[in-house]
There are 2 protein chains.
Amino acid sequence: MLDVRSSELAVFIQRLETIADLTEEDKQAIESLPVTIKEIAARNDIVREGEYPTHCFILLEGWAYRYKLRREGARQVMALLIPGDAPDLQSLYLPVTDHNVATFTDVKVAIIAHRDIHDLIVCHPRLGVLLLREILIESAAFREWMVSMGRRTAYERIAHLWCEAYARQKVIGLATESGCPFPIKLLDIADALGLTMVHVSRIKGELKNAGLATHRSGWLTIRDWEGLRAAAEFDPSYLHLIGQARDEVDSKISADENLYAT
Amino acid sequence: MLDVRSSELAVFIQRLETIADLTEEDKQAIESLPVTIKEIAARNDIVREGEYPTHCFILLEGWAYRYKLRREGARQVMALLIPGDAPDLQSLYLPVTDHNVATFTDVKVAIIAHRDIHDLIVCHPRLGVLLLREILIESAAFREWMVSMGRRTAYERIAHLWCEAYARQKVIGLATESGCPFPIKLLDIADALGLTMVHVSRIKGELKNAGLATHRSGWLTIRDWEGLRAAAEFDPSYLHLIGQARDEVDSKISADENLYAT
DNA sequence: CGGCATGTTGAATCTAATCAATCCACGTGG
DNA sequence: CCACGTGGATTGATTAGATTCAACATGCCG
């Protein structure tokens with residue numbers, strides 16, 4: 001909030017700073033990218049399976065998600081996309097899109113031509129590596145998500161999803177001490193975790209009774225962060241955060257580091 | 001098999017040719033990488049969570065896998081690694097490993113220093129993009145795997161896993177018309193699909209009774225490819241194969257293409 | 001041929017799904 | 001200002017898919 005730069009891409013830069021050190025020059029290079037700002041209403045597809053995007057977009061406000069549909073209509077949500085995410089970077093190197101991306105809420109996005117990103121990378125190879133890092137971190141999140149779906153109970157899955165959403169938003173200043181936005185419906189959570197809406201509803205009740213966290217009208221309230229983390233067995237290292245951002249979501253590790261530092 | 005080049009990296013090149021067009025020069029550049037060949041016994045870790053690799057490896061013979069462990073010991077297998085795979089490329093850009101890689105069988109690997117790959121990419125940017133493509137394709141496979149775990153029944157999951165294993169091996173010449181190696185145990189399959197060994201055993205029986213496929217002593221026999229594909233709702237497009245390799249595993253698409261071509 | 005790991009089968013149990021009936025919040029219009 | 005409609009959330013009863021526990025069979029290796 002101290003940073004008063006007016007760039008539309010401020011969230012994106014803030015996100016990148018949680019996973020790598022940026023020089024002033026890096027930031028300026030990113031800020032001077034030619035972008036088109038666009039608003040998209042809730043519950044609309046942004047990219048569809050089979051398309052060959054010519055532009056990437058960066059999510060500036062609102063939530064979106066990746067998903068696939070099975071033939072009979074079953075939906076699997078594979079990633080929650082929050083402000084600062086650049087979900088389509090991979091289309092630079094993998095031209096055909098193999099899944100869909102849609103909005104949960106009304107969103108504001110910055111649209112950037114592949115050509116311009118390409119030029120940016122050529123001029124600033126450091127930034128190329130950085131964007132790659134961003135892509136690979138999402139891949140790490142997929143792996144963690146697979147652990148949830150394969151080897152966690154419904155209770156643990158929801159707790160883990162909440163931990164991840166809170167942690168990711170916390171480090172970019174979108175969460176308060178006690179909670180964060182979580183603007184998605186029961187059915188969305190269910191389709192993200194391989195469960196049914198009914199069951200998610202019941203388990204949400206249990207998490208509330210256990211005093212860990214509650215979720216209503218688009219807001220997630222964390223009542224007992226350490227308890228929630230423990231229930232989910234949440235270890236944020238797969239988010240590959242650095243420096244202060246990491247300390248912010250992982251009190252234990254930061255304490256360890258203090259030990260070693262002495 | 002017509003290719004008699006003696007390079008140890010032949011499988012790797014063959015694999016790359018299924019996802020991109022390589023020039024003779026590209027191939028030579030890869031073949032002239034300084035590699036160390038090493039053999040590793042079955043059931044050993046190759047890379048562990050928390051490590052900072054300085055070398056990448058390419059799997060030349062045998063099978064390996066990615067996995068994570070939960071605290072109480074539950075294991076989630078997240079990827080099957082077969083000859084031609086280069087599981088550790090990402091360590092070039094994401095230095096800390098966030099999961100484990102271990103061998104299923106005795107394997108032969110080619111070890112390459114990060115430095116040398118880095119030089120290769122600098123001299124041959126095309127190959128950099130290619131390796132990236134390889135990384136991103138695995139990410140696509142994670143997404144498909146998530147659909148299995150979240151929204152497929154046990155029967156469909158096993159069928160899908162078998163389809164993927166057969167397709168990936170087919171395109172690099174490791175499968176016959178009627179089957180392919182599948183050198184992993186029931187417990188491994190279970191931990192890959194979020195099931196128990198007992199249940200996998202039962203469902204394998206059903207797949208056999210349905211006349212689709214059978215699996216014993218390390219070999220997968222496909223009795224009815226189209227039936228298996230249908231049961232799994234297997235659509236190989238997430239493998240991002242090109243040209244002949246694609247046609248080989250997707251009779252339907254190749255038929256369609258013939259239509260359009262006429 | 002023995003021994004141990006792996007695989008199979010059965011019975012009971014449990015987690016989560018399904019089906020179905022409210023309930024509740026919120027926005028709209030009379 | 002309140003009745004009504006609607007989409008989402010909750011609750012209950014029942015069923016199904018997968019797990020667990022346990023016994024037994026098979027197969028592979030020395």
Report task. Sort the following peptides by mean Cβ neighbour count (other Cβ atoms within 10 Å, averaged over residues), highest first: A:205-215, B:137-147, B:101-111. Result -> B:137-147, B:101-111, A:205-215
Requested in this report: In whole Hz, with x marking every Gly and Pro, tabulate ³J(HN,Hα) for the range A:65-76 from phi via Karplus 6.51 cos²θ - 1.76 cosθ + 1.60, θ = phi - 60°.
Outcome: 7, 8, 7, 10, 10, 8, 4, 6, x, 4, 10, 10
Query raised in the report: Can you give the average number of partner chain beta-carbon atoms within 10 Å of each beta-carbon in peptide A:147-156, as a whole number?
Result: 6
Report summary line: Quick calc, B:SER32 & B:ARG70: beta-carbon distance into FRET formula, R0 41 Å, rounding 0.05, result 0.45
Requested in this report: Among the listed pairs A:LYS185/A:LYS208; B:LYS38/B:LYS170; A:LYS68/A:LYS185; A:LYS68/B:LYS204; A:LYS38/A:LYS185; B:LYS108/B:LYS185, give every one whose C-alpha distance is greater than 22 Å.
Outcome: B:LYS38/B:LYS170; A:LYS68/B:LYS204; A:LYS38/A:LYS185
Report task. Return a whole-number percent for the relative contact order of chain A, with Cα pairs under 8 Å and 6 or more residues apart as the contact set. Result -> 20
Query raised in the report: Around B:LEU89, with a cut-off of 11 angstrom between Cβ atoms, what is the net charge of the other residues, counting Lys and Arg +1 and Asp and Glu -1?
Result: -3
Query raised in the report: In nm, what is the difference between 0.36 nm times the number of residues separating B:GLU177 and B:ILE111 and their Cα-Cα distance?
Result: 20.6 nm
Query raised in the report: Karplus couplings for the range B:116-132 from phi (6.51 cos²θ - 1.76 cosθ + 1.60, θ = phi - 60°), rounded to Hz, Gly and Pro as x?
Result: 5, 5, 4, 4, 4, 5, 5, 6, 10, x, 3, 6, x, 4, 5, 5, 4
Report summary line: The ³J(HN,Hα) series, computed from each phi in the range B:219-228 with the Karplus coefficients 6.51, -1.76 and 1.60 at θ = phi - 60°, rounded to the nearest Hz and given as x for glycine or proline, is 10, 9, 9, 8, 9, 8, 4, 5, x, 5
Report summary line: The extension gain from B:GLU206 to B:GLU61, computed as 0.36 nm times the residue separation minus the Cα-Cα distance, is 49.1 nm
**Report entry** Per-residue Cβ neighbour rank within 10 angstrom, fewest leading, B:SER201, A:SER148
**Finding:** B:SER201, A:SER148
Query raised in the report: Can you list the residues, at least 5 places off or on another chain, whose amide H is less than 5 Å from the amide H of A:ILE46, using H built in the peptide plane?
Result: A:VAL101, A:ALA102, A:THR103
Report summary line: Within 10 Å of the Cβ of an average residue in B:98-108, the count of other chain Cβ atoms is 2
**Report entry** 10 Å Cβ neighbours from other chains, averaged over peptide A:233-240
**Finding:** 3
Requested in this report: Identify the trypsin sites (Lys or Arg not before Pro) of the range B:18-63 meeting these criteria: DSSP loop state and at most 15 other C-beta atoms within 10 Å of the C-beta.
Outcome: B:ARG43, B:ARG48
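Each value in this text was obtained by applying a stated rule to the coordinates, not by laboratory testing. None of these values were measured; they are calculated from a predicted model. Reconstructed Cβ throughout: ideal geometry from the backbone, glycine too, with neighbour counts over all protein chains shown.
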